[in-house]
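As structure tokens, the structure follows; a few thoughts come after it.
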Amino acid sequence: MNPRKTFTIVVVLAGVAVLAAPPELHAEDLLTIARDGKTQYTIVYADQATEPEKKAVQELSDFLGRVTGASLPAKAESTLPANARGIYVGWTKFAARNGIETAKLGEEEWVIRSAGENLIITGGRPRGTLYAVYEFLEQQVGCHWLARDTEIVPSRPTLQFPKPSIQAKPYIWIRDIYTTYHTMMPTGDMARRHGEFLTRNKHSVGNHQVYGSPGGCHTFFQYLNARDWFETHPEYFSLVGGKRLPATGGNGPGQLCLTHPEVRRIVVERLRGFIKRDREKAAKAGTRPPRIYDISQNDAGAAECQCENCQAIARREGSESGPMIDFINAIADSIKDEYPDILLQTFAYNRTEPPPKTLKPRDNVIVRWCDVYSVVDLVRPLNHPYNAKNYGEILAWGKLAPHLAIWDYWISYGYYQFPTPYCMIQCIGPDMKLFVDMHAETMFCESEEDHEHGENFTALKYWLGYKMMVNPYQPVEPLIRTFMAGYFGAAAPRMDEYLKYLQGRIDKEAEFCLVRKAPHKLKYLDLDFFRTAGGIFDAAEALVKPGSLEALHVQRERLIVDGALLYLWPWLDRRLAADQTMPFDHEAVIRRYETNWRAQFKAFFSEKAKAVREAKIAGLAALFRNPKLPEQFQKLPPRDVADFNWLTFSPYSPGRQEFVADPEAAGGMAAALVAQSDDAHKKPLTFGVTGGATLTLKPEEVPRDGKYHVFKIGRIKVKKGTAVWAHASKRMGVNVDRLVVAEAKDATANDWEAYISLKVKGPDYVKGSADSNGLWMDRVLLVKRPKD
């Protein structure tokens, strides 16, 4: 974020504020920290306060001063004058005299308790006191840290609240939301104030390393790497399709042979080495040694070992989790006596996700169940019938595993570069409660989708997620109201209206997994949705000051809706009757999209990030305005030409292809073949349609100029699953079945002429070429044949 453009919302509340003080309370039931901007209180810290406790004192002094206008001095307990009123922070003697045994508190447990006219705010070490201060500032004072650009600091010159007696701790031990959103990346302060236990954030005061070497996931290759062992001992690695498959990285491509005795011996030896080095390092630094060591499968799909010994266990247990649990149990048994405090973590992921029938993980094993995005419906809670498979698995693992960790997906992992208006707010409360009911101890929420492609209400998602990880049994609606009021200001009622409208349409009409696989086919993204959403956003923007932070927040949500409308425009238009036109001003929507993005860039983006995104938005806007069809198609009626440019390409379907910037391509972007072997370009240039025509160019027919050329494939009938592909492997192309007219009365409704625009370079295509081999596709065009 550009530090010069950081905003803070300050909520000013007039008069005396008494938080949660029912009328029947008397004066002696209340603590008055400040009156009319003056205070008699001193913040008191223990003489031997730790770094996190000192940070807690600093935060408490800062925010109480900003809230009340009073100056609260901070003093060591031994220097406190007699009979002074104090807010005692941390492991003070005063807390001990009042019956709080701080040393017996959990490391994140907190206590907030009055003692006469004094207040005790303390907790376990290392971070319990820090969380106690933030809990007090939120619940008794009314401060909130909603996002990296939004903190709520009320103005309360007279601060009064009922005398508290609170003892609590987070329900989940490790709480981590992983995001790469440019404007959502948590700062150290934000993560700490949210109560996030984030072991990779070096700026989080008091956090200590929980995961030991060599890493936190997909670590098989780091225990046995094929670069060291495959040549002499290929049998250490997984047997797949009759061949041993090496594992050289986190993506494999292979796994380990989990039943091989030497594999187990080497893994134990390596594990002991990691533990020894980590403990030496922790002792030198004066910190706690790691407690969790991850030994988990590489992220390599269906690469589990098919040798007879491994498969005998898999058949007996009904899942590949059988060999995995048998393996991890053996490793756990080897270290349990020497290191009784260590937990060994492994995945229940993809083919190891279903639990074994009879095997039970050892007491020093923690199973990390992964809510696999290829199966689960992101926009509905796990207890919804759509998610029966995953729901059954988490219930089974909850009964089976003595320790459970969760890896949840909070993103669509979309197959398309599509700004989909959706949200998953409705899932967070029920799912978090389910995980805790299943005694989950750690939580990792993966949410790294790029900002442009994302969903609505991501800032709310993160804030609500943190809150529910600390206490999943609290009601969700009050938290949402708090967030909406602080984040959107006067526009909160209208934004709440949009949230409920969006959730209602999703609940009624969203089809299973389409958010991820085919967002352009979502039934609720119709003209009525865009009309209704547009009216709500118009009303919301009218309620906030132009250029204000609240206006920027409203516009950020509108960008998703406007982007989706522009992406879908030609396809929505195609569904209209011949005499109908789109009910929006196309140019006005484009201008608003550009303007709102530029406002976001100016407010939140660094100059480097701004330049990259500015170029992309400019290219998008140009493509929306004019797709610049090849000359032979420009005079045809617009609805007779279906232009599949890069807005419709998927990086995953029909195969792996990359999006690359190319000024010569339609819209400045093209799909490039991901070559999986050295001979990927050695086959003749072939393209065609699934289940239809295939064309192969002779060497002399291949263009030699390195430019895009349009090739006619011929007449095709479009049906579900139809793709136009651009390479003999059929892994490069675009799905065109969005044109299907179901139950069409016109027998020719799904008949089209297909064309493809390609560019090739390199000696495998052009003899004698000095260029590197490459194949690019920038568009596919389907054209209606004239009736005659």
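Within segment 266-311, the set of residues being in contact (Cβ under 8 Å) with a residue 60 or more places away in the chain, of a type in the set (Asp, Glu) and either outside any helix (DSSP H, G or I) or open to solvent by 20 Å² or more (accessible area, probe 1.4 Å) (or both) comprises Asp294, Asp299, Glu304.
Which of the residues belonging to segment 77-100 are open to solvent by less than 60 Å² (accessible area, probe 1.4 Å), touching a Ser or Thr at 6+ places or on another chain (Cβ under 9 Å) and not hydroxyl-bearing (Ser, Thr, Tyr)? Passing the criteria: Glu77, Leu80, Ala84, Gly86, Ile87, Val89, Gly90, Ala95, Ile100. The single condition among (1) in contact (Cβ under 8 Å) with a residue 40 or more places away in the chain; (2) out of contact with any helix residue (DSSP H, G or I) (no Cβ under 8 Å at 6 or more places or on another chain) that Gln417 does not satisfy is (2).
Please tell me if Gln209 is farther than 27 Å from Phe605 by Cα, among the polar types (S, T, N, Q), crowded, with 19+ Cβ neighbours inside 10 Å and at pLDDT 70 or above.
no
Considering only helices (runs of 4 or more DSSP H) fully contained in segment 406-518, which possess at least 2 residues that are among the aromatic types (Phe, Trp, Tyr) and modelled with pLDDT of 95 or more?
On the way: elements: 425-437, 458-470, 476-488, 492-509, 514-517.
Per the criteria, 476-488, 492-509.
Consider Lys767 carefully, then state whether it is closer than 24 Å to Pro637 by Cβ, in a loop (DSSP other than H, G, I, E, B) and modelled with pLDDT under 95. No. With respect to (1) farther than 30 Å from Arg574 by Cα; (2) surrounded by 13 or more Cβ atoms within 10 Å (Cβ to Cβ), the lone exception for Pro699 is condition (2).
Out of segment 462-486, which residues are closer than 17 Å to Leu146 by Cβ, open to solvent by less than 10 Å² (accessible area, probe 1.4 Å) and in contact with a helix residue (DSSP H, G or I) (Cβ under 6 Å, 6 or more places away or on another chain)? Trp463, Leu464, Gly465, Met468, Phe483, Met484 - these are the residues of segment 462-486 that are closer than 17 Å to Leu146 by Cβ, open to solvent by less than 10 Å² (accessible area, probe 1.4 Å) and in contact with a helix residue (DSSP H, G or I) (Cβ under 6 Å, 6 or more places away or on another chain).
Residue by residue, here is whether (1) out of contact with any Lys or Arg (no Cβ under 7 Å at 6 or more places or on another chain); (2) without any contact (Cβ under 8 Å) to a residue 40 or more places away in the chain; (3) open to solvent by 10 Å² or more (accessible area, probe 1.4 Å); (4) in a helix (DSSP H, G or I) holds:
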| residue | (1), (2), (3), (4) |
| --- | --- |
| Tyr339 | yes, no, yes, no |
| Gln345 | no, no, no, no |
| Arg351 | yes, no, yes, yes |
| Thr358 | yes, no, yes, no |
| Pro361 | yes, no, no, no |
| Ile366 | yes, no, no, no |
| Arg380 | yes, no, yes, no |
| Ala388 | yes, yes, yes, yes |
| Gly392 | yes, yes, yes, yes |
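Of all residues in segment 520-534, one or more are open to solvent by 10 Å² or more (accessible area, probe 1.4 Å) and within 24 Å of the chain's Cα centre (by Cα). Restricting Ala103, Ala74 to residues that are open to solvent by 20 Å² or more (accessible area, probe 1.4 Å) and free of Cβ contacts under 8 Å to residues at least 24 places away in the same chain narrows the list to Ala103. Taking segment 110-122 as the range and being closer than 17 Å to Pro170 by Cβ and open to solvent by 30 Å² or more (accessible area, probe 1.4 Å) as the test, no residue passes. Scanning segment 316-328 turns up one or more residues that are at pLDDT 95 or above, in contact with a Gly (Cβ under 7 Å, 6 or more places away or on another chain) and not β-branched (Val, Ile, Thr). Yes or no: Lys54 under 41 Å from the mean Cα position of the chain (by Cα) and at pLDDT 95 or above? It is true that Lys54 is under 41 Å from the mean Cα position of the chain (by Cα) and at pLDDT 95 or above. Residue count for segment 336-350 under the criterion of being under 14 Å from Pro290 (Cβ atoms) and of a type in the set (D, E, K, R): the result is 1. Taking the conditions (1) more than 34 Å from the chain's Cα centre (by Cα); (2) free of Cβ contacts under 8 Å to residues at least 12 places away in the same chain; (3) within 18 Å of Pro355 (Cα to Cα) in turn, Ala314 satisfies each one other than (1). Against the condition part of a helix (DSSP H, G or I), surrounded by fewer than 20 Cβ atoms within 10 Å (Cβ to Cβ) and touching a helix residue (DSSP H, G or I) at 6+ places or on another chain (Cβ under 8 Å), how does Ala330 come out, does it pass? It is true that Ala330 is part of a helix (DSSP H, G or I), surrounded by fewer than 20 Cβ atoms within 10 Å (Cβ to Cβ) and touching a helix residue (DSSP H, G or I) at 6+ places or on another chain (Cβ under 8 Å).
Considering the conditions (1) modelled with pLDDT of 95 or more; (2) under 43 Å from the mean Cα position of the chain (by Cα), Pro126 is excluded by exactly one of them, (1).
A single entry from Gln297, Gln306 fulfils the requirement of being at pLDDT 95 or above and closer than 18 Å to Gly216 by Cβ: Gln297. Listed by first and then second residue, the pairs linking a residue in segment 557-572 that is under 14 Å from Phe537 (Cα atoms) and touching a residue at least 40 places away in the same chain (Cβ under 8 Å) to a residue that is charged (D, E, K, R) and crowded, with 21+ Cβ neighbours inside 10 Å, with Cβ atoms under 9 Å apart and 6 or more places separating them unless they lie on different chains, are Ile560/Glu455.
Filtered by the rule that a residue be open to solvent by 40 Å² or more (accessible area, probe 1.4 Å) and of a type in the set (A, V, I, L, M), segment 661-692 gives Ala661, Met669, Ala675. Does Ala518 satisfy the criteria of being farther than 25 Å from Lys461 by Cα and of a type in the set (A, V, I, L, M)? Criteria not met by Ala518. Would you be able to say whether some residue in segment 730-737 is under 28 Å from Asp573 (Cα atoms), without any contact (Cβ under 8 Å) to a residue 40 or more places away in the chain, out of contact with any helix residue (DSSP H, G or I) (no Cβ under 6 Å at 6 or more places or on another chain) and not basic (Lys, Arg)? There is at least one residue in segment 730-737 that is under 28 Å from Asp573 (Cα atoms), without any contact (Cβ under 8 Å) to a residue 40 or more places away in the chain, out of contact with any helix residue (DSSP H, G or I) (no Cβ under 6 Å at 6 or more places or on another chain) and not basic (Lys, Arg). Which residue out of Pro638, Pro627, Pro651 is modelled with pLDDT of 90 or more, of a type outside the set (D, E, K, R), in contact with a strand residue (DSSP E or B) (Cβ under 7 Å, 6 or more places away or on another chain) and open to solvent by 10 Å² or more (accessible area, probe 1.4 Å)? Step by step, each of Pro638, Pro627, Pro651 is checked, and only Pro627 is modelled with pLDDT of 90 or more, of a type outside the set (D, E, K, R), in contact with a strand residue (DSSP E or B) (Cβ under 7 Å, 6 or more places away or on another chain) and open to solvent by 10 Å² or more (accessible area, probe 1.4 Å).
Those residues that are open to solvent by 20 Å² or more (accessible area, probe 1.4 Å) and either among the small types (Gly, Ala, Ser) or not in a helix (DSSP H, G or I) (or both), I need them from segment 249-265; list them, please. Residues satisfying the conditions are Gly250, Asn251, Pro253, Thr259, His260. Is it the case that some residue within segment 592-603 is open to solvent by 30 Å² or more (accessible area, probe 1.4 Å) and closer than 23 Å to Ala642 by Cβ? Looking for residues that are open to solvent by 30 Å² or more (accessible area, probe 1.4 Å) and closer than 23 Å to Ala642 by Cβ, one finds none in segment 592-603, hence no.
The values are calculated or read from the model by the stated rules, or taken from the named source; none is laboratory data. Keep in mind that what you see is a predicted model, and the values were worked out from it rather than measured. Backbone-built Cβ (ideal geometry, glycine too); neighbour counts: all protein chains shown. Each accessible area value is taken on the protein alone, full model and side chains, heavy atoms only, with ligands, DNA and RNA left out. Shrake-Rupley method; radii C 1.70, N 1.55, O 1.52, S 1.80 Å.
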